[in-house]
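Below is one structure; the comments refer to it alone.
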Amino acid sequence: GAVVSQHPSWVICKSGTSVKIECRSLDFQATTMFWYRQFPKQSLMLMATSNEGSKATYEQGVEKDKFLINHASLTLSTLTVTSAHPEDSSFYICSAIKGGRETQYFGPGTRLLVL
Amino acid sequence: DQQVKQNSPSLSVQEGRISILNCDYTNSMFDYFLWYKKYPAEGPTFLISISSIKDKNEDGRFTVFLNKSAKHLSLHIVPSQPGDSAVYFCAAGLRDSSYKLIFGSGTRLLVRP
């Protein structure tokens, strides 16, 4: 199998607070994990690529100081939205790939609402 | 500049008939392509993939066709079932770019009972 989980599935926070989202590969070791965000009725936009033990690679236009990514182990990556603002409200999805494989397996997503 | 395009935002098909979802791309260097199915407020589910060296891949009711000269791929679902109703995304990837995927904008499929 290739199961990816995310926690939490829903989070509501006040503007200015930080929110951490966890992404776990449950039955395989993920050499690489990816973080996406999706706005309503739009496609998935890649935010960053995360390799275990190294710094994440951010896509153009994504603030790395705003969206902190840590990939501490082969089964866990975290995305921290720092000093969240209402415009950060979105659906955040992670994915993971097994070593040398091309298929990305996605988590169920985390909906963030910043008030 | 959209490298992967799904020009049909929606498609409606009668149950039992064939659903054909289309996808066009501009970068001839893509090594592989994937189709994902997505329900609202859920992560995408992997359906089927195809390598750029092939022109067809089949898995049960799902078949993906790749026409490299036209830079076009399609997903055929036959027979279509109401449970297939979802948004379908095609994605393209390059092996030497850390396996990043570029997604199309999605096509919403409705299978009518």
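Read-outs throughout are calculated quantities, based only on the coordinates presented, and are distinct from any laboratory measurement. Everything numeric in this text was worked out from a predicted model, so none of it was measured. All Cβ positions, even for glycine, are placed from backbone atoms using ideal geometry, and neighbour counts span all protein chains on display.
Looking at chain A as a GNM with Cα springs under 10 Å, which of A:Ser15, A:Ser77, A:Ser54 has the largest mean-square fluctuation? Largest GNM mean-square fluctuation: A:Ser54. Between the stretch B:78-93 and the stretch A:6-81, how far is it from one alpha carbon centroid to the other, in angstrom? The stretch B:78-93 and the stretch A:6-81 have Cα centres spaced 26 Å from each other. Once the C-beta distance of B:Arg95 and B:Ala41 is scaled by a Förster radius of 25 Å, the resulting FRET efficiency is 0.20 to the nearest 0.05.
Across peptide B:85-98, the mean count of Cβ atoms from other chains lying within 10 Å of each residue's own Cβ comes to 2.
This model, with +1 at the C-beta of Lys and Arg and -1 at the C-beta of Asp and Glu, gives the protein assembly as shown a dipole about its Cα centre of some 240 debye. For peptide A:36-48, the mean count of partner chain Cβ atoms within 10 Å of a residue's Cβ comes to 4.
Expressed in Å, the radius of gyration and Dmax of the Cα atoms of the protein assembly as shown are 17.6, 51. Just so you know, the Rg over Rh for chain A is 0.95, from Cα atoms, with Rh as the Kirkwood radius.
Under 17 Å of direct C-alpha separation, and excluding same-chain neighbours fewer than eight residues apart, B:Lys38 reaches these aspartates and glutamates: B:Asp84. Radius of gyration over Kirkwood radius for chain B, both on Cα atoms: the Rg/Rh ratio is 0.95. Toward the positive end of the charge dipole of chain B, with +1 on the Cβ of Lys and Arg and -1 on the Cβ of Asp and Glu, the farthest Cα among B:Val111, B:Thr26, B:Gln3 is that of B:Val111.
When only the Cβ of Lys, Arg, Asp and Glu is charged (+1, +1, -1, -1), the dipole of chain B relative to its Cα centre reaches about 120 debye.
Above 15 Å, the calculated P(r) of the stretch A:31-72 contains 40 percent of its Cα-Cα pairs.
Estimated at 0.36 nm per residue, the fully extended path between A:Glu22 and A:Asp65 surpasses their Cα-Cα distance by 13.7 nm. For trypsin sites (Lys or Arg not before Pro), the sites in the stretch A:8-106 that DSSP calls loop and that have at most 16 other Cβ atoms within 10 Å are A:Lys14, A:Lys41, A:Lys55, A:Lys64, A:Lys66, A:Arg101.
May I ask for the Rg/Rh ratio of the stretch A:1-58, computed from Cα atoms with Rh as the Kirkwood radius, given to two decimals?
Values: Rg = 13.3 Å, Rh = 13.4 Å.
Across the stretch A:1-58, the Cα-based Rg/Rh ratio is 0.99.
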